[in-house]
Amino acid sequence: MSSVGGDTKGGPYRAEPEHDKPMTIWEHLTELRKRLIYAMLAWVGGCVAAWGFREELLAILVKPFAEAWRAQKIGPEVTLHFATPGAAFVAYMKLAMLGGTALASPFIFYQLWRFVAPGLYAREQRFVIPFVLVSTGLFVGGGYFGWKAAFPVAFGYLLSLSGTVGTQGVTIVPTVMMGEYISFVTNLLLGFGVIFEIPVLVFFLSVAGIVNYLHLIHYARWAILVAFIVAAVLTPPDVASQLVMAIPMVVLYGGSIFVAMIFGKKPTAGQRQAYARKRRRARAETGGDAAPASKS
């Protein structure tokens, strides 16, 4: 893979990688196929391992649901149902795939690094172990945060919609299917895991020179808007669940600015001047700095 750029004057910060030889498109595709195969094998192995403790994994995932069920006094027993004889097996398969994703995530992130590593400089290639550890920690930590913070809020709201309505004695009773429950929590867990990878994505984009910290600062307002839109799409319709996802996204975006500032390419003089002009123009539009804006 060809290098992604650097200081044309050389130096210790952006030293040229050894054996810097551009790769053809076919070599890129071959390398991608190789890394995908390795990642898939690791994922399959993780799924097989997760199948062995599928019941323990289900018990962990239903804990917030069970607590919300009892809090709403829906019934004496917390129940999950399956409609056909094979539905429980399929549901457990989904659960094993979720567990396999978590177990294989370190190896998957390592394969991602190996794919992009030829395009990095010598100083950047030394980050392989921190990258794998941080990426895995963020992914698994994001899922844990969703389970610990978002699930109780979401299930508390959703199950509160049950109960007796009106004066005719009509009772709304939840009949939660096992497969649908696992699909629901899987979407939330993966959603939280992916959004917690924002700093990792920014790391690659800033190292490649696609973005820098000035870009991230300039578009921060739009990032906040996108965070709340994504949270509204991925979480249940209650405001509390959306805030539980949106606020961490905003915080991670702020942390990503420092990631780009430390590891990414520095803005050029032209980019700094353009950023300064945009700031003056923005202040002028809000009536805060009309005089300097007239000079730009």
Practice task
Using only Cα atoms, find the angle between the long axis of helix 25-51 and the longest principal axis of the chain, and express it within 0 to 90 degrees, rounded to the nearest 10.
Solution key: 30 degrees
Practice task
Count the lysine pairs in the chain whose Cα atoms lie under 30 Å apart, taking only pairs 8 or more positions apart in sequence or on different chains.
Solution key: 20
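Looking at the chain, which longest stretch skips every one of the chymotrypsin sites (Phe, Trp or Tyr not before Pro) that is in a DSSP loop with at most 14 other Cβ atoms within 10 Å, leaving the sites themselves out?
Numbers: sites that count: TYR13, PHE53, TYR219.
So the longest stretch without any such site is 54-218.
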Completion exercise
The set of residues whose placed amide H lies less than 5 Å from the amide H of HIS81, leaving out same-chain residues fewer than 5 positions away, is VAL176, MET177, MET178
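Treating the beta-carbon of each Lys and Arg as +1 and of each Asp and Glu as -1, no other charges, what is the dipole magnitude of the chain about its Cα centre, to the nearest 20 debye?
Numbers: 26 positive and 16 negative charges, 249 e Å.
Dipole magnitude for the chain comes out near 1200 debye.
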Fill in the blank from the handout: Rounded to the nearest 10 degrees, the helix 87-116 long axis (Cα) sits at an angle to the longest Cα principal axis of the chain of 10 degrees
Fill in the blank from the handout: Note on the range 223-278: contact order normalised by length, alpha-carbon pairs under 8 Å, 6 or more apart, percent, works out to 29 percent
Practice task
Collect residues whose amide H, placed 1.01 Å from N in the peptide plane, falls under 5 Å from the amide H of VAL211; neighbours closer than 5 in sequence don't count.
Solution key: SER206
Practice task
Once you've got the GNM for the chain with C-alpha springs shorter than 10 Å, pick whichever of SER183, SER105, SER162 has the biggest mean-square fluctuation.
Solution key: SER162
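Could you work out the helix-only [θ] at 222 nm for the chain, with each DSSP H run of four or more residues adding -39,500 (n - 2.57) and the total divided by the number of residues, to the nearest 500 deg cm²/dmol?
On the way: 14 runs with 202 residues, N = 296.
It comes out at -22000 deg cm²/dmol, rounded to the nearest 500.
Apply 1/(1 + (r/R0)^6) to the Cβ-Cβ distance of ARG70 and VAL194, taking R0 = 45 Å, and write down the FRET efficiency to the nearest 0.05.
Numbers: r = 31 Å, r/R0 = 0.69.
Efficiency, rounded to the nearest 0.05: 0.90.
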Problem - Rounded to 10°, Cα long-axis angle of helix 128-145 versus longest principal axis of the chain - result: 30 degrees
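Coordinate-derived values only; no laboratory data. It should be emphasised that the depicted structure is a prediction, and the values quoted were computed from it without experimental measurement. Quick reminder, even Gly has a Cβ in these numbers, built from the backbone with ideal geometry, and neighbours come from all protein chains shown.
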